[in-house]
């Protein structure tokens, strides 16, 4: 006998997943304190306490690892845990005497505890070569290499303020990296190839309309309708490839990584702002992308050494000025740093307030 | 020469070294019991040698009756890697706030062990549980088991994407409204919009409880709902003094960093000129025991954030400076419907609502969705004098005007 097919039920109700201390004190938290790297306590108006232990994860996880997290949650947290918006896993405890043992078990499993307060939290990132058709670089590999290098900043090395790193493997930015203290962004640098039989798989008017610089025009080649591309006007956004698989962009010789700095989403002190271009291009050099790791560490260290208390990357650069940022980091300033798309003029310096 | 990936994974093995948890170890753990994950390991090793991805554009695959929630993915080397010729992703709508019980996590794991690669992302960029890699045949059985266990798919393509929320009042004293309740309500109210793509492009909601915006809603959500307050910051003077005694330099690290310089400290009493406070959160972040947001709480609603494709990246901009956020959220949902109606009518293919707002102009957009313009919506009034007045008087008009009154 056929049973009715269930659809449109939505996710399970989150209320069923909340620990009892949260149910009891929901909306009645009074304050929190960071007790040590990766450990904080929230104190409710009732006096109840909730301890959180935050551990880093690679985001890409097997079911076997997730089951181990579930076992830890059973052992220490009455079966409750959560994940954060930056892919950390958080264990929620009411008994602080269990914290040390939990941290020891997490370390045994290979998950560092940290990322709270003035720290480098986990790097939010995209799929890369693991699963994406439009990737200009890998995501997980660079994240692993960068976090290996910076992990002391996750686990407790003191910093002036928060530092958020994000990685997107192409301009589609599934990782929405455009408002990060440091953004690692995969880029293409070669115009799309035009595969034969394009008109069989793509709607040519859609392809033409997809180009923000009108660089794609209709054409006829050997009696077949197709398109031609004015390569000088291609800025490698890959929007045409998104609407038409017959226009592949990926190219091992030309794809790579750019580095952007100074963005933030929080409203604290200064308003949310976009990241700005620091390094136009670094090569794809797997498995450990040493040029990218070195570039990120350099920027982190310049900020770490020179920023004032609570200054985010962008606030620090605004105070010292961009020319001095390039000088302190030793990054070469190039033509590519100058915007030439819409509203480019808004980024020109329009005063004589310069440091000489 | 040994073919990359078929004879060990020397490049990926390098990424098992070092202190940060390794995704390669995770793929290997799954590969021990699953041939898809094993094949993925080989293909990824090959990508590392060739410095290029090996995935093709998604095709149209999904579960019956839905248009979203599954990302079709095919290898461009199906003969060489037959086990991952199809490697589709299911997006599973996460529990709001990413709270789980161990049993719920095990349920997901068991389903994915039976039907897919055993690999996941916890979580995807929009917030869903990502079940990474299965074949077309397994989609419907996976879906049946998910729904039998009260899970459902999230969004993809030109639909409403899975709404997400910060931890909110579940564990944060700064939550100015119930982010979890709102995100869950929007998700349930708009199930049809979530599962059946009918918009010009994607539409994301993100619910952040305070201006710290831990879900990055102002950068990543078409509609960003960010908690705030409109009365006085609550001050505990004893705790201010205690913070100073614990080593905080209040003048330098709090007062001097206030964006409107509305906070003063004379060593005994902290005073805030709340009329000039812009709710940036810095002083509260710095002294969580001494300062708390006010009691008259609600949210600012902003519209239009997106990543660069196509017309350039945008941050959301203010649509409603302050509103109470309380169930059943009718006012908010009515506004959402008006926005969707206008966008569906006038939006171009793959045009996000933020781009539409720019193309038609904020003034016209506001008229269309029946929202009154206010100065809070702008950083500053226009600088250019080319105003599109829509009407002008002709001789004799004045009398008619008076008659109408």
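Read-outs: derived from the displayed coordinates by stated rules, not from any lab. All values reported here derive from a predicted model rather than from experimental measurement. Here the Cβ is made from the backbone with ideal geometry for all residues, glycine too, and neighbour counts use every protein chain on show.
What nm distance separates the two modelled labels at residue A:349 and residue B:264, each placed 7 Å from Cα along Cα→Cβ? Rounded to a tenth, the inter-label distance reads 3.7 nm.
Mark the label point 7 Å from the Cα of residue B:85 along Cα→Cβ and return the residues of segment B:111-144 whose backbone N is within less than 13 Å of it. Only B:135-137 fall inside the zone, counting backbone N under 13 Å. Taking Cα pairs under 8 Å and at least six residues apart, what relative contact order does segment B:62-156 come out at, in percent? Computed value for segment B:62-156: 35 percent relative contact order. Springs between Cα atoms under 10 Å define the GNM used for chain A, and in it the highest mean-square fluctuation of A:333, A:325, A:91 occurs at A:333.
Relative to the dominant Cα principal axis of chain A, helix A:63-77 is inclined by about 30°.
Distance between the pseudo-spin-label points of residue B:349 and residue A:4 (7 Å out from Cα toward the beta carbon): 3.8 nm.
What average count of beta carbons from other chains do you get within 10 Å of the Cβ of residues in A:302-311?
So the per-residue partner count for this stretch is 2.
Rank by packing, highest mean first: peptides B:190-197, A:132-139, with packing defined as the count of other Cβ atoms within 10 Å averaged across residues.
Working: B:190-197: 19.8, A:132-139: 27.0.
Going by the mean number of other Cβ atoms within 10 Å, highest first, we get A:132-139, B:190-197.
Among A:212-221, B:65-74, B:171-180, the peptide with the highest mean count of other Cβ atoms within 10 Å heads the list, and the full ranking is B:171-180, B:65-74, A:212-221. Of A:60, B:186, A:102, the sequence from fewest to most neighbouring Cβ atoms within 10 angstrom is A:102, B:186, A:60. Partner shielding of A:159-166 amounts to 1, given as the average count of beta-carbon atoms from other chains within 10 Å of each residue beta-carbon. Normalised by the residues of chain B, what does the relative contact order come to in percent, with Cα pairs under 8 Å and at least six apart? Taking the mean separation of contacting Cα pairs over the length of chain B, I get 11 percent. Which shape class, rounded, prolate or oblate, goes with chain A when its Cα gyration tensor gives a ≥ b ≥ c as root eigenvalues, a/c under 1.5 marks rounded, and past that a/b bigger than b/c marks prolate? Oblate, because a/c is 1.5 or more while a/b does not exceed b/c. When you count the other C-beta atoms within 10 angstrom of each residue and take the mean per peptide, B:369-378, B:130-139 line up highest first as B:130-139, B:369-378. Largest GNM mean-square fluctuation among B:200, B:381, B:259, using chain B with Cα springs under 10 Å: B:381.
At a 10 Å Cβ-Cβ cut-off, how would you order B:207, B:214, fewest neighbours first?
On the way: B:207 32, B:214 21.
Arranged by neighbour count, lowest to highest, B:207, B:214 become B:214, B:207.
Across peptide B:284-293, the average count of Cβ atoms from other chains found within 10 Å of a residue's Cβ is 3.
Judged by the ratio a/c of the largest to the smallest principal axis of the C-alpha gyration tensor, segment B:10-53 counts as oblate, that ratio being 1.5 or greater while a/b is no larger than b/c.
Rounded to the nearest 10 degrees, the angle from helix B:35-50 to the longest Cα principal axis of chain B is 70 degrees.
What number, rounded to the nearest 500 deg cm²/dmol, is the helix-based mean residue ellipticity at 222 nm of chain A, given -39500 (n - 2.57) per DSSP H run of at least four residues and division by all its residues? Walk me through the numbers before you get to the answer.
Details: 10 runs with 95 residues, N = 356.
-7500 deg cm²/dmol, from helical runs alone.
The alpha carbon gyration tensor of the protein assembly as shown gives principal lengths a ≥ b ≥ c with a/c below 1.5, which makes the shape rounded.
Computed from Cα atoms, the angle from the helix B:330-346 axis to the main principal axis of chain B rounds to 70 degrees. With R₀ fixed at 51 Å, the C-beta to C-beta distance from residue A:148 to residue A:28 puts the FRET efficiency at about 0.80. When shorter helices are ignored and each DSSP H run of at least 4 residues is given -39500 (n - 2.57), the per-residue value for chain B at 222 nm works out to -9500 deg cm²/dmol.
Among B:102, A:270, A:46, which comes first, then next, by fewest other beta-carbon atoms within 10 Å? Don't skip to the end; give the middle numbers.
Details: B:102 21, A:270 17, A:46 12.
Going from least to most buried by this count: A:46, A:270, B:102.
Given R0 = 56 Å, the distance between the Cβ atoms of residue B:242 and residue B:144 translates into a calculated FRET efficiency of 0.45. In segment B:189-266, Cα pairs under 8 Å separated by at least six residues give a relative contact order of 18 percent. For residue A:213 and residue A:15, the difference between the fully extended length at 0.36 nm per residue and the C-alpha to C-alpha distance is 66.4 nm. Annotation for segment A:286-344 versus segment A:174-248: alpha-carbon center distance of 30 Å.
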